[in-house]
Amino acid sequence: MSLALPRRASAEFAGTALLVAAVVGSGIAAARLSPADTGLQLLENAIATALALGALILIFGPVSGAHFNPVVSAVDWWLGRRAGTGLTGRDLAVYAVAQTVGAIAGAVLADLMFGLPAVAWSRTGRAGGNLWLAEVVATTGLILLVFALARSGRTAAAPAAVGAWIGAAYWFTSSTSFANPAVTIGRAFTDTFAGIAPASVPGFVAAQLVGGLVATAALAVWYPHAADTADAVVVPHLAPEAEAR
């Protein structure tokens, strides 16, 4: 990694915060604009999230890799630990903290923008084997996509591709594709359309970690040299000579 860790961590914090602000904020707006149509609310939420995610990858990708997700960061560390690529163990710990704190800040920001209490624990229960299975599927697909793009030299497509996966998974998974432990924790802090009850968080996070393990196993079969390009997740980082630009 070419950029200093504090600079990358700040990008992960800001990017994750803005991502959750987009998820929660668009959910609040959708509930207010289309109060009688849950399907339309979900469509509005999904479109805003997918577009925001793509834009945030473009902004922060060259700085930190735009992981915004502890599972992405953990797999990046795991794959690159022997090849000397990807995140170090210290990087992983700092990224995970920055992402989680950023997600909470993003939920608070969204609530404040819409005139709601800064923090209100969600009362939306999301538990059950079908939802946990959906989170395994959503997270597995996300990890496979991110590392397949890096290994095949197509990281320029990451903003559109990652946004498209998350936007689509809103609809084909019963859980509406959280696929991210940090985002899951952040969404517990808002009692709005996008919220998740704190009691439901551990099940979702466990399922997302399982998805990361499944994806890692699949990468070993389909992209056995994925570790060689772990530094390119999600998009290539700036070269040292470009850091000051």
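The values are calculated or read from the model by the stated rules, or taken from the named source; none is laboratory data. What you see is a predicted model; the values in this text were computed from it and never measured. Neighbour counts run over all protein chains shown; Cβ positions are idealised from the backbone, glycine included. Heavy atoms of the whole protein, side chains included, go into the accessibility calculation; ligands, DNA and RNA do not. Shrake-Rupley method; radii C 1.70, N 1.55, O 1.52, S 1.80 Å.
Some observations on this one:
- Across region 1-57, the number of residues qualifying as open to solvent by 40 Å² or more (accessible area, probe 1.4 Å), more than 19 Å from residue 188 (Cβ to Cβ) and either of a type in the set (A, V, I, L, M, F, W, C) or in a helix (DSSP H, G or I) (or both) comes to 15.
- From the options 169, 182, residue that is closer than 23 Å to residue 11 by Cβ and either touching a residue at least 24 places away in the same chain (Cβ under 8 Å) or buried (at least 23 other Cβ atoms within 10 Å of the Cβ) (or both): 182
- Residue in region 64-86 that is touching a helix residue (DSSP H, G or I) at 6+ places or on another chain (Cβ under 8 Å), of a type in the set (Ser, Thr, Tyr) and modelled with pLDDT under 95 present: yes
- Residue check, residue 214 β-branched (Val, Ile, Thr), over 19 Å from the mean Cα position of the chain (by Cα) and on the phi < 0 side of the Ramachandran plot: no
- A search for C-beta distances below 6 Å between a residue of region 98-127 that is free of Cβ contacts under 8 Å to residues at least 60 places away in the same chain and over 19 Å from residue 9 (Cβ atoms) and any residue that is open to solvent by less than 40 Å² (accessible area, probe 1.4 Å) and part of a loop (DSSP other than H, G, I, E, B), counting only pairs 6+ apart in sequence or on different chains, returns 112/118.
To keep it simple, each residue is scored yes or no on (1) within 17 Å of the chain's Cα centre (by Cα); (2) modelled with pLDDT of 95 or more.
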{"position": "149", "(1), (2)": "yes, yes"}
{"position": "173", "(1), (2)": "yes, yes"}
{"position": "182", "(1), (2)": "yes, yes"}
{"position": "222", "(1), (2)": "no, yes"}
{"position": "231", "(1), (2)": "no, no"}
{"position": "243", "(1), (2)": "no, no"}
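- Every residue from region 193-226 that is among the hydroxyl-bearing types (Ser, Thr, Tyr) and either buried (at least 22 other Cβ atoms within 10 Å of the Cβ) or closer than 19 Å to residue 132 by Cα (or both): 200, 216
- Subset of region 68-85 [in a loop (DSSP other than H, G, I, E, B) and open to solvent by 10 Å² or more (accessible area, probe 1.4 Å)]: 81, 82, 83, 84, 85
- Some residue of region 161-183 being part of a helix (DSSP H, G or I) and touching an Asp or Glu at 6+ places or on another chain (Cβ under 8 Å): no
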